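See below for the structure under consideration.
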Amino acid sequence: MAPSTKNSVILGEALASEDVNLVFPTEDFSRQAHVSSIQKYGEKYGRSVEDPAGFWSDIASGFYWKQKWGQPVYADNLDIRKGKINIEWFKGGKTNICYNCLDRNIKSGNGDKIAIYWEGNEPGHDATLTYNQLLARVCQLANYLKDIGVGKGDAVIIYLPMLMELPIAMLACARIGAIHSVVFAGFSAESIAQRIMDCKPKVVITCNAVRRGPKTIFLKDIVDAALTESAQNGINIDVCLTFENESALKKEVTKWVEGRDIWWQDVVPKYPVTCEVEWVDAEDPLFLLYTSGSTGKPKGVLHTTGGYMVYTATTFKYAFDYKSKDIYWCTADCGWITGHSYVTYGPLLNGATNVVFEGAPNYPDAGRCWDIVDKYKVSIFYTAPTLVRSLMREGDEYVTRYSRKSLRVLGSVGEPINPSAWRWFFNVVGDGRCPISDTWWQTETGGFMITPLPGAWPQKPGSATLPFFGVQPVIVDEKGVELEGECSGYLCVKSSWPSAFRTLYGDHERYQTTYFSAFPGYYFTGDGCNRDKDGYYWLTGRVDDVINVSGHRIGTAEVESALVSHPQCVEAAVVGVEHEVKGQGIYAFVTLTEGVPYSEELRKSLIKVVREKIGAFAAPDKIHWAPGLPKTRSGKIMRRILRKIASKSLDELGDTSTLADPSVVDQLIALADC
Ligand code: WTA
């Protein structure tokens, strides 16, 4: 791998302080920051790309390894032309991420520090766990899992809301070398079943119900349906460990399958509070997380242990300028990658105090987040642009009625943050004094890739700014040629970093073709990107058929296949359309069986089928009746035209003469408001 210092050269250029788009950190902030200037960053960054092995080994040495890693420190072939794509970091090293999160921090004197402040859905309903207590709870569950036969390399599906039991379950799996696969508790029974059939877990962990805002969601019923479906497909799950979430639903009224279902509270507390650690290889799998792609079924993104540990901890420390006194709150759910890397692992590896919130951020009103910030004296607050926009609409009073003086650093993730939301977040929430870390990354990357280091350089609202240590982003044109300087194109990465995903579970072929074939020699992110004259990166959104709704990745193909499973739908084409709060909304063009009339009822039942097949968060915002879809003569749907119709940009339809039947476009336009 050829080291490049090109980025550091660009960064060395002075940023003009008269540029109105630049938002400078205060001198006080910079003075106390881990990285206090762009020059300091440049030095570190330079070393990280010239000597990745040395750079990351030095950092990795700060963790506990039962046995040190071998040589070479890393191996990476990201070039499909040279053979199989292969990424490894710290291979031969034996460690355990749960030990590093808990035991290591306890041994260094932090046993009585609060690890988790848990805030329930209802204000006033809360709990805390110190590092000692968290370890005890993790060990009890780990012992139980071992006892029922879960061992190293076995998969465990976790379908839990944001209870403390969710990080506990993840850590318990990690402690015994089992591979957790958390399924976001908004996914439907069918989605869970699909994941169960793919990874064949030894056990499923869930709870009976949860309250989110004013609603009760009966999670156990959803799991029951999923288990029935997977059993019909030959995959039987012997144990469904169910936590009684008493405030949402009592045990007595929970539906139960004798012999299979076990109450967590009946068994787990009986186990010892210590549990031996299973030392695993740095390259042993830690977790599987399913994510949407542009085609077919969800992909099981596989992350391994050592590199993921080192990288998530390091990015957490630098991108949030984390100090041991900080109180950190990330609003993401552990069902997504953000919750894995920056609710559970990154913060706990740093010995941080973490707020875990069960409820909805606008319940009982739009001031809830700031109420929580004041209650726990949160100093680092990490959230998604969609939440910022929805709270912004409610007006400033909900924010200003709370002090928020504990806040020090703000963070954003999931989609590009539009400059007006950025400025509101900065000026109103942060009172103009807290830098915003707009972190760009992906399920696949495991950790932050492009992110401000607060204190080190000025931000520009809407830009994720500069690459993290060791990351070499490149922008290529459609032919895969690397572009220099100011440019716009496809975002790729040209060298490996420790927390890169290693494969798609059970399908290395798909891993290679999806990510490494479009632009040979590079990892292709699926995102479009501009780089400005200062070397800042501006993400422009997905260039594949993935829609980003409220920061949740949804594959258009998945929504389409859910729609066509409806008996009256013969064809569907789904596109993303700009949405004021969600960033993107789901816009579905639907062709019905010949002779079936359009009706409101049918529209509802089409939306229902998507909720059932995927989950409520994937429900289309709009169903557009389509007697026909614009197709080329070879039968390919021209989504470009559909996107224009959906966004009502009719004067930008472009050339429609290559369509097999150009008249469908007029029909669609005529039906826009039906
Ligand atoms: C988008 C979420 C712009 C991007 C961590 C990426 C962003 C996809 C940002 C990954 C950001 C995430 N600015 N776009 N700060 N963060 N994205 O896998 O399109 O759920 O490819 O990971 O979200 O979504 P995923």
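Please count how many residues of region 63-89 are free of Cβ contacts under 8 Å to residues at least 12 places away in the same chain and surrounded by 12 or more Cβ atoms within 10 Å (Cβ to Cβ).
Qualifying residue count, region 63-89: 2.
From 634, 663, grab the single residue that is open to solvent by 80 Å² or more (accessible area, probe 1.4 Å), in the same structural domain as residue 587 (by the TED database) and at pLDDT below 95.
On the way: 663 fails: open to solvent by 80 Å² or more (accessible area, probe 1.4 Å).
Exactly one of 634, 663 is open to solvent by 80 Å² or more (accessible area, probe 1.4 Å), in the same structural domain as residue 587 (by the TED database) and at pLDDT below 95, namely 634.
Give me the residue from region 309-344 that is charged (D, E, K, R) and part of a loop (DSSP other than H, G, I, E, B) and, out of that set, farthest from the ligand (Cβ to nearest atom). Give the steps one after another, and end with the answer.
To start, the set of residues in region 309-344 that are charged (D, E, K, R) comprises 317, 321, 323, 325-326, 333.
Next cut, part of a loop (DSSP other than H, G, I, E, B) only: 321, 323, 325-326, 333.
On the way: 321: 17, 323: 23, 325: 26, 326: 21, 333: 11 Å.
Among those that are charged (D, E, K, R) and part of a loop (DSSP other than H, G, I, E, B), it is 325.
Report yes if some residue within region 408-419 is surrounded by fewer than 24 Cβ atoms within 10 Å (Cβ to Cβ) and away from the ligand (no atom under 16 Å from the Cβ); otherwise report no.
Yes, there is a match, as at least one residue in region 408-419 is surrounded by fewer than 24 Cβ atoms within 10 Å (Cβ to Cβ) and away from the ligand (no atom under 16 Å from the Cβ).
Restricting to region 528-568, and then to whatever is part of a strand (DSSP E or B) and aliphatic (A, V, I, L, M), can you tell me which residue is nearest to the ligand (Cβ to nearest atom)?
Residue satisfying both the conditions and the ranking: 539.
Could you tell me whether region 97-117 includes any residue that is of a type in the set (Phe, Trp, Tyr), under 27 Å from residue 281 (Cβ atoms) and out of contact with any Leu (no Cβ under 8 Å at 6 or more places or on another chain)?
Here is the first cut: in region 97-117, the ones of a type in the set (Phe, Trp, Tyr) are 99, 117.
Checking which are under 27 Å from residue 281 (Cβ atoms) leaves us with 99.
Filter again for out of contact with any Leu (no Cβ under 8 Å at 6 or more places or on another chain), leaving 99.
Within region 97-117, one or more residues are of a type in the set (Phe, Trp, Tyr), under 27 Å from residue 281 (Cβ atoms) and out of contact with any Leu (no Cβ under 8 Å at 6 or more places or on another chain).
Could you check region 121-136 and list, in sequence order, the residues that are small (Gly, Ala, Ser) and more than 10 Å from residue 164 (Cβ to Cβ)?
As a first pass, look at region 121-136 and keep what is small (Gly, Ala, Ser): 124, 127, 136.
124, 136, listed by residue number.
Residues checked against (1) touching a Ser or Thr at 6+ places or on another chain (Cβ under 8 Å); (2) more than 16 Å from the ligand (Cβ to nearest atom); (3) not in a loop (DSSP other than H, G, I, E, B):
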residue	(1), (2), (3)
346	yes, no, yes
355	no, yes, yes
361	yes, yes, no
371	no, yes, yes
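Identify the residue in region 427-464 that is near the ligand (Cβ under 10 Å from one of its atoms), of a type in the set (S, T, N, Q) and surrounded by 22 or more Cβ atoms within 10 Å (Cβ to Cβ) and, among all such residues, is nearest to residue 87 (Cα to Cα).
Checked region 427-464; the qualifying residue nearest to residue 87 (Cα to Cα) is 445.
Could you identify the single residue in 301, 267 that is surrounded by fewer than 22 Cβ atoms within 10 Å (Cβ to Cβ) and either of a type in the set (Phe, Trp, Tyr) or touching a residue at least 60 places away in the same chain (Cβ under 8 Å) (or both)? Lay out the reasoning, then the answer.
On the way: 301 fails: surrounded by fewer than 22 Cβ atoms within 10 Å (Cβ to Cβ).
Unique residue meeting the criteria: 267.
Only one of 239, 223 is surrounded by 15 or more Cβ atoms within 10 Å (Cβ to Cβ) and closer than 26 Å to residue 121 by Cβ. Can you tell me which?
On the way: 239 fails: closer than 26 Å to residue 121 by Cβ.
One residue alone meets the criteria, 223.
What's the number of the only condition in (1) modelled with pLDDT of 95 or more; (2) open to solvent by 20 Å² or more (accessible area, probe 1.4 Å); (3) under 26 Å from residue 159 (Cβ atoms); (4) within 16 Å of the ligand (Cβ to nearest atom) that residue 608 fails to meet?
Only one criterion in (1) modelled with pLDDT of 95 or more; (2) open to solvent by 20 Å² or more (accessible area, probe 1.4 Å); (3) under 26 Å from residue 159 (Cβ atoms); (4) within 16 Å of the ligand (Cβ to nearest atom) is unmet by residue 608, namely (4).
Have a look at 232, 194 and point out the one that is farther than 29 Å from residue 101 by Cα, open to solvent by 20 Å² or more (accessible area, probe 1.4 Å), within 25 Å of the chain's Cα centre (by Cα) and not aliphatic (A, V, I, L, M). First the steps, then the outcome.
Details: 232 fails: within 25 Å of the chain's Cα centre (by Cα).
From the options 232, 194, the qualifying one is 194.
One residue is enough: does region 204-213 have a residue meeting the conditions open to solvent by 40 Å² or more (accessible area, probe 1.4 Å) and either within 21 Å of the chain's Cα centre (by Cα) or modelled with pLDDT under 95 (or both)? It would help to see each step written out before you state the result.
Start the filter on region 204-213 by keeping residues that are open to solvent by 40 Å² or more (accessible area, probe 1.4 Å), which leaves 211-212.
Then drop every residue that is not either within 21 Å of the chain's Cα centre (by Cα) or modelled with pLDDT under 95 (or both), which leaves 212.
The answer is yes; a qualifying residue exists.
With the checklist (1) part of a strand (DSSP E or B); (2) at pLDDT 95 or above in hand, flag the one item residue 521 doesn't pass.
Of the numbered conditions (1) part of a strand (DSSP E or B); (2) at pLDDT 95 or above, the odd one out for residue 521 is (1).
The values are calculated or read from the model by the stated rules, or taken from the named source; none is laboratory data. Model, not experiment: these values are computed from the prediction. Methodologically, a virtual Cβ is constructed for each residue, glycine included, from the backbone with ideal geometry; neighbour enumeration extends over all protein chains shown. Only protein heavy atoms, including side chains, enter the accessible area calculation; ligands, DNA and RNA are left aside. Shrake-Rupley method; radii C 1.70, N 1.55, O 1.52, S 1.80 Å.
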